[in-house]
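Novice: I have a structure here, written as structure tokens, and I will follow up with some questions on it.
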Amino acid sequence: MNKIKYIAAAFFISSLLFLSCSKDNLSNVASYVTKGTWRVTLYQENGISKLYYFSNYDFTFYNSTVTATKNASTITGTFSTKYVDSKNKLVLNFGNTSPFNQLNDDWEILEESAIKIRMQNVSGSSGGTDLLTIEKN
């Protein structure tokens, strides 16, 4: 009977280890971006800089909302994080508000820290790569 208990315990522990290893590998991006304000320091579409779209905007992330503020102008969107195809992603959606709708995508996290987050998005139809980097103010 003890042998059955040991086998059952070993199976249970193995199951717990397997489940904990197979959970989504969510990054710390959500906890980083919700602290303080951020600015876009790099935005490229297919190798062409379009940083001027977002110059002097401060981005604030709170709950699932992101706001971009410049002087008295505020643009509101949503954000979330997810883990898909073994990749951590930051999902941004500013609706149809131009030029912020250029950021509407699932951005793959390339590098993350409490002060800088580098991301990329590979376009499905054209295969072009967009790059986005935000840094804490």
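Novice: Filtering the range 59-82 down to residues that are more than 11 Å from T37 (Cβ to Cβ) and small (G, A, S), which residue is surrounded by the fewest Cβ atoms within 10 Å (Cβ to Cβ)?
Specialist: Among them, the one singled out is A72.
One line per residue, one yes/no per condition, for (1) assigned to a loop (DSSP other than H, G, I, E, B); (2) of a type in the set (A, V, I, L, M); (3) without any contact (Cβ under 8 Å) to a residue 40 or more places away in the chain:
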| site | (1), (2), (3) |
| --- | --- |
| T74 | no, no, yes |
| Y83 | no, no, no |
| Q102 | no, no, no |
| D106 | no, no, yes |
| L110 | no, yes, yes |
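Novice: Only one of (1) modelled with pLDDT of 95 or more; (2) open to solvent by 60 Å² or more (accessible area, probe 1.4 Å); (3) assigned to a loop (DSSP other than H, G, I, E, B) is not met by S125, so which one is it?
Specialist: Among (1) modelled with pLDDT of 95 or more; (2) open to solvent by 60 Å² or more (accessible area, probe 1.4 Å); (3) assigned to a loop (DSSP other than H, G, I, E, B), S125 violates only (1).
Novice: Give the residues of the range 30-52 that are without any contact (Cβ under 8 Å) to a residue 40 or more places away in the chain and part of a helix (DSSP H, G or I), sorted by residue number.
Specialist: S31, L51, Y52
Novice: May I pose another question? Of the numbered conditions (1) closer than 20 Å to Y52 by Cα; (2) open to solvent by 50 Å² or more (accessible area, probe 1.4 Å); (3) among the polar types (S, T, N, Q), S86 satisfies every one except a single condition; which is it?
Specialist: Only one criterion in (1) closer than 20 Å to Y52 by Cα; (2) open to solvent by 50 Å² or more (accessible area, probe 1.4 Å); (3) among the polar types (S, T, N, Q) is unmet by S86, namely (1).
The values are calculated or read from the model by the stated rules, or taken from the named source; none is laboratory data. What you see is a predicted model; the values in this text were computed from it and never measured. Every residue, glycine as well, gets a Cβ built from its backbone with ideal geometry; the counts of neighbours run over all protein chains shown. Side chains included, ligands, DNA and RNA excluded: accessible areas come from the protein's heavy atoms. Shrake-Rupley method; radii C 1.70, N 1.55, O 1.52, S 1.80 Å.
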